[in-house]
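Inspection log for the structure reproduced underneath, given as C-alpha cells.
Derivation of every value follows stated rules applied to the coordinates shown; laboratory data play no part. Note that the coordinates shown come from a computational prediction; the quantities given were computed from them, not determined experimentally. So basically every Cβ, Gly included, is an ideal-geometry build from the backbone, and we count neighbours across all protein chains shown.
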Amino acid sequence: MAGVANQNILLGVTGGIAAYKSVELARLLLKAGARVRVVMTEAATRFVSPLTFQAVTGHPVRSSLFDEEHEAAMGHIELARWADQMVIAPASADFMARMALGLANDLLSTLCLASASSIAIAPAMNQRMWQHPAVQRNLSRLEERGVRVLGPASGEQACGDTGPGRMLEPTAIVAALETASSEGLFAGEKVLITAGPTHEAIDPVRFIGNRSSGKMGYALARAFQHEGADVLLVSGPVSLPVPPGVNCINVQTALQMHEAVFENIDTVAIFVGCAAVADYRPENPQHQKIKKLSDRMDISLVRNPDILAEVATLEEGPYTLGFAAETQNLAENAQAKLLAKQVDMLAANSVGGDVGFDSDENALLVLWSEGEKHLPVQNKQQLAESLLRILADQYGRDE
Ligand code: PMT
C-alpha cells in the first residue's frame, strides 16, 4: 500500500487554536486518497465547528461517548476497529497528559485505548507549556508506548511568544504519514528482534533470570516500525505493551527463544539480538518445588545455544546486529565479540551502573568491520533511532 492512499485515517482534533489548520489537514488526507473520519474533543468544538469538518469530509463528526444513536451499536469500538491509523492534530498538553495516563474520559481518549492502529500526534501549545517537565515526561511516556510524535515546529505563536510548540503544517503532517507507510529507512524490510531476559526454570517457582526489562529491544521494535519495517519481536518475559503494528511471540526460556527465532529466520532480512539470553540453564529442572533439606545446594548448569552466533553463521542468513553487555573493558570485549560471533554489526553497552539494564537510558558503542561510532547516554527510544540510522547506512553494503 503506497502512502496514505486507501487507508482509513481517524483524525482526532483537540482544543487549541491550531484546530483550524486541521480542516486543511483533513482535506489534504482526502486528496491523498485516504478515507477520513473526524473525532473532536469538546474543547476542540469551541475553536472550529464540527460542521466545517463534516462539510470537508462528507461524514458527521463525532465528539461524544454518549451519543445514543451511534453507541446503540457500540459505535466507538467500531470506529476504533475501522482506523488503520490515528492522527491527533493538534494534540493539546491536556490531551497528551490524558493519553499518557491512559484515561478514557471522552470519545477520543477512549479510542486511543480501544484501537490497535498506530497513533501519531502533532502537539501544539505555548512554548513554555511545551518545555514544562510535566509535558516532556508525558511525551517520553507516549514515545515509549510507540506513539509517533510529529513536530512541533518552532517559530512565532498565536499567543505572541516565539519558540517550539507550533503545530506542524498540514502538508508536513501528511508527508510524515506518507513516509511512515511507504518510504521509511527500512520500508518493506522484515526484521526479527529478540528482547528481554530469559527465565530458566530451577523448579516450578524459581528460575535463573537477569535484569533485562526489554526496554531497549522494544524501543528498537518501535523505531523499525516507524521506519516502515515489518517487525517480529521474540520477547522474553517483560511487562511492556507490544508496540502497535508489531507482531510478537512471547517466550520464557532460551530454548523457546531459539525455536521461535529459527521458525522465522528464513523470512527476515535483518536479525537484531537484543535479548539478554541466559548462557546456561539448569540441567535438571525439578517438577516439584525444591525443599530446603540441606545447608548447601548445587545446581548443575548446561550451555544454552548461542542464538545470535547461529544466525550470524547461517549460509544465506540475514544481516545481523548483535548486542554486547559488558561490565568492564567495553571496547576490547565488544571487538572480540564482533569477531567471535561473526555478526555484521555489534552494539555494546556498559551494564551494572545507572544505565543499560532496566533503565530508560542507555549509551552504545557501535562497531562494524570498517568503523565504529559512539552514541552517548540518551533515552532508549532516541538511541534506537540513532542506531537505526547507522544500520541503514551500513546495511546492504556488503551484498
Ligand atoms: O532490556 P533492557 O533493560 O532495556 O536492557 C538492555 C540490554 C542491556 C539487555 C541490551 O542493551 C543488551 O545489551 N542486550 C544483550 C545482552 C546480552 O545478553 O549480552 P551478551 O554480551 O551476554 O550477549 C551477546 C549477544 O549474544 C547478544 O546479542 C545476545 O542476545 C546474544 N546471545 C547471547 C547468549 C545466547 N545464548 N544467545 C544469544 O543470542
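Odds and ends about this structure:
- Rg and Dmax over the alpha-carbon atoms of the chain stand at 23.7, 79 Å.
- Counting only Cβ charges, +1 for Lys and Arg and -1 for Asp and Glu, the dipole size of the chain around its Cα centre is about 1020 debye.
- Count of Lys pairs (Cα-Cα under 28 Å; at least 8 positions apart or interchain) in the chain: 14
- Contact order, relative form, for the chain: 11 percent (alpha carbon pairs under 8 Å, 6 or more residues apart, mean separation divided by residue count).
- The modelled label-to-label distance for the pair residue 247/residue 136, using points 7 Å beyond Cα in the direction of Cβ, is 3.9 nm.
- Positive-end residue of 252, 293, 49, charge dipole of the chain with Cβ unit charges: 49
- Residue-count net charge about residue 186 - beta-carbon cut-off 10 Å; Lys, Arg +1, Asp, Glu -1: -2
- Quotient of the Cα radius of gyration of segment 190-395 and 2.2 N^0.38 Å, N being its number of residues: 1.03.
- In segment 86-164, a dipole from Cβ-located charges (positive for Lys and Arg, negative for Asp and Glu) runs towards its positive end, and of 109, 92, 130 it is 109 whose Cα lies farthest in that direction.
- Convex hull volume of the C-alpha atoms in segment 8-178, normalised per residue: 99 Å³.
- Protection proxy ranking of 98-110, 139-151 - average other beta-carbon atoms within 10 Å, highest first: 139-151, 98-110
- Residues in segment 269-303 reached by a label modelled at residue 358 [backbone nitrogen below 15 Å; 7 Å Cα→Cβ]: 276
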